[in-house]
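The values are calculated or read from the model by the stated rules, or taken from the named source; none is laboratory data. The structure displayed is predicted, hence computed values, not measured ones. For neighbour counting, all protein chains shown are included, and Cβ atoms are generated from backbone atoms with ideal geometry for every residue, glycine included. Side chains are part of the model used for accessible areas, which takes the heavy atoms of the whole protein and leaves out ligands, DNA and RNA. Shrake-Rupley method; radii C 1.70, N 1.55, O 1.52, S 1.80 Å.
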Amino acid sequence: MDIRQLGHTLVVGLQWGDEGKGQIVDHLSGAFDLIVRYAGGANAGHSVVVGETKLGLHLVPSGILREHVLCVIGNGVALDPEVLFEEIDALAKLGVDVESRLKVSDRAHVVMPYHKLEDRLSEAALSEGTKLGTTARGIGPLYADKATRTNAIRVHHLLTPDVFRQRLVEIVDRKNRIFGALYGADPIDIDAILERFTAYAERLRPMVCDTADLLHRSMEQGKRLLFEGAQGSLLDLDHGTFPFVTSSNSSACGMSAGSGVPPRKLTTVLGVAKAYTSRVGTGPMPTELKDGVGQAIRDVGKEYGTTTGRPRRCGWFDGVATAYSVRLGGMTAIGIIGLNVLSQFDEVNICVGYEVDGRALDHFPCDVDLLDRVRPILETHEGWKQDLARCGGWDELPAKARAYLGRLESLLNCPIAAVAVGPERDQLLVRPS
Ligand code: IMO
Ligand code: MG
């Protein structure tokens, strides 16, 4: 894969998030002019390294560290100004100027304090087993309000003080009645919100524009766009493991709606998967390992959430679920992250099929109760038992590691273009073309 030859490209997670999309985006971003977020919000989390400092970012695209890149928060993103300005300030302290290189869609919807409150209240009120295990960033309530329309606040509303005030008064009145009746919650302090968000609006104003128009003009000028997916395909609201999903179209399917760029503009869709599986929050995960092996993956892979710090559930690579995502998004190539994490094992397993009540399933089911009951059919491969950290290139990978990757390719029916043997920039091995 020669990244200088790529046209407009989408990078998307193939599992339940945290696949290491940031490492692929970081590798590609030097060759692109604009980096675009199209779905999700501050529920996403990626770490970037600035000098000696490691920083967790949720909203600002990771490409912000490349000085020539213009970053775009598209219309499909849940924009949380509080988180955004915290990140902008943290980056400014490290000498990274964000405000001159970030554009925010006037059509994006604004996460308000009552969305985060509702996320917490609603999760707390659910019984064990039905809780979604959300990140408590207000994502579900925000997108629900977008869909109801009457309760929505878009960025352009925020920038028009009279409109914002009027909408806020009406919405908060409705929220107070609902939260009071359902959860016995205290009334929301509207004056405090008005004051804070009026200040946010003035700080946002220079960054706000019609980002779809900006993207179209940029394409006409020959600039290249890189779309940065958040979450993963299996957390997609329509195509994931509903209801244990996020509230936006986080698969490749969401790119066009969330950015205003027509699907046919994309030439490349890169899927990112870990060499194993992780999931944070509740919901089915057929290959989950609740034993020492799962713990060993978690320890070596440092599988703890960037957004919530929760330990992630870990298990073997799920060839059925991942192949489903590859087909759904029409991947042109795949990046496999964290191969080094499996180096510790004498044997590694790959899930090559599902079985329910003794019968093989020939598809990835939409029924999560069924998915909870499936037994993964595991195929055992000999481990390579070799530290991969200093592998200088694809050709230096041990034969058994290459055989493992070859099996993933055949299951996914898609070529693997790169593999990461550690989190550092020089640990991403790109396959010679
Ligand atoms: P990145 O971009 C992993 C999960 C939550 C929960 C479910 C719903 O880092 O890959 P939400 O707060 O979105 O309503 O939570 O989705 N989730 C993620 N898991 N990585 C993410 O993002 C996630 N964003 C949401 O844990 O199970
Ligand atoms: Mg993450």
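Treating the beta-carbon of each Lys and Arg as +1 and of each Asp and Glu as -1, no other charges, what is the dipole magnitude of the chain about its Cα centre, to the nearest 20 debye?
Working: 48 positive and 55 negative charges, 123 e Å.
Once rounded to the nearest 20, the dipole reads 600 debye.
Determine the gain in length on full extension of the stretch A144-E99; use 0.36 nm per residue of separation and subtract their C-alpha separation, reporting nm with one decimal.
Residue separation times 0.36 nm, minus the Cα-Cα distance, leaves 13.3 nm.
Say each of R327 and K302 gets a label point 7 Å from the Cα, pointing the same way as Cα to Cβ; how far apart are those two points in nm?
Using points 7 Å along Cα→Cβ, the separation is 3.6 nm.
Loop sites only, by DSSP: take the GluC sites (Glu not before Pro) in the chain that have at most 10 other C-beta atoms within 10 Å and name the longest stretch containing none of them.
On the way: sites that count: E52, E67, E128.
The segment 129-433 is the longest one with no such site.
Set the Förster distance to 45 Å, then compute FRET efficiency between A124 and E347 from the Cβ-Cβ distance, nearest 0.05.
0.60
What distance in nm separates the simple spin-label points at A92 and R177, each placed 7 Å from Cα in the Cβ direction?
4.1
Percent of Cα-Cα pairs per 10 Å bin, from 0 to the last occupied bin, for the chain, please list those.
In whole percents, the pair-distance histogram is 4, 22, 31, 25, 13, 4, 0.
Hey, in the GNM for the chain with a 10 angstrom Cα cutoff, which one of R37, R373, R154 fluctuates hardest?
The residue with the greatest mean-square fluctuation here is R373.
Go through D80, D367, D189 and list them by solvent-accessible area, largest first, probe radius 1.4 Å.
Final ranking, largest accessible area leading: D189, D367, D80.
For a label point 7 Å from the Cα of H156 along Cα→C-beta, name the residues of region 233-271 whose backbone N is under 18 Å from it.
257-261
First measure r as the distance between the Cβ atoms of D191 and R264, then evaluate 1/(1 + (r/R0)^6) with R0 = 60 Å and state the FRET efficiency to the nearest 0.05.
Working: r = 48 Å, r/R0 = 0.81.
Calculated transfer efficiency: 0.80.
So, R0 is 22 Å and r is the distance between the beta-carbons of K54 and E396; what FRET efficiency does that work out to, to 0.05?
Working: r = 27 Å, r/R0 = 1.25.
FRET efficiency, K54 to E396: 0.20.
Could you provide, to the nearest whole Å², the per residue accessible area of the chain with probe 1.4 Å?
The answer is 42 Å² per residue.
Suppose every Lys and Arg Cβ carries +1 and every Asp and Glu Cβ carries -1, with no other charges. What dipole size does region 1-156 come out with about its Cα centre, to the nearest 20 debye?
380
Where Rh denotes the Kirkwood radius from the mean inverse Cα pair distance, what is Rg over Rh for region 109-207?
The Rg/Rh ratio comes out at 0.99.
How many nm separate the modelled label positions at R203 and R165, each set 7 Å beyond the Cα in the direction of the Cβ?
Label at R203, label at R165, 2.2 nm between them.
Could you calculate the contour length gain from D213 to D291, that is, 0.36 nm times the residue separation minus the distance between their Cα atoms, to one decimal place in nm?
Numbers: separation 78, 0.36 × 78 = 28.08 nm, distance 5.11 nm.
Taking D213 through D291 to full extension adds about 23.0 nm, to one decimal.
In region 274-351, which chymotrypsin sites (Phe, Trp or Tyr not before Pro) are in a loop and have at most 11 other Cβ atoms within 10 Å, using DSSP for the loop call? List each step's numbers first, then the result.
On the way: sites: Y276, Y304, W316, F317, Y324, F345; in loops: Y276, W316, F345.
Hits after loop and neighbour filter: nothing returned.
When the accessible area of the chain is computed with all protein chains present and a 1.4 Å probe, what percentage of it is carbon and sulfur?
50
When the helix-only estimate is applied to the chain (DSSP H runs of n ≥ 4, each -39,500 (n - 2.57), divided by the residue count), what is the mean residue ellipticity at 222 nm, nearest 500 deg cm²/dmol?
After summing the helix terms and dividing by the residues of the chain, the value is -10000 deg cm²/dmol.
Given the chain, what percent of its DSSP beta bridges are antiparallel, to the nearest 5? Present the calculation step by step, with values, prior to reporting the outcome.
Details: 25 of 59 bridges.
Antiparallel bridges: around 40 percent, rounded to the nearest 5.
How big is the convex hull of the Cα atoms of region 1-108, per residue, in Å³?
On the way: hull volume 11.7 nm³, N = 108.
Spelled out: Cα convex hull of region 1-108, divided by residues, is 108 Å³.
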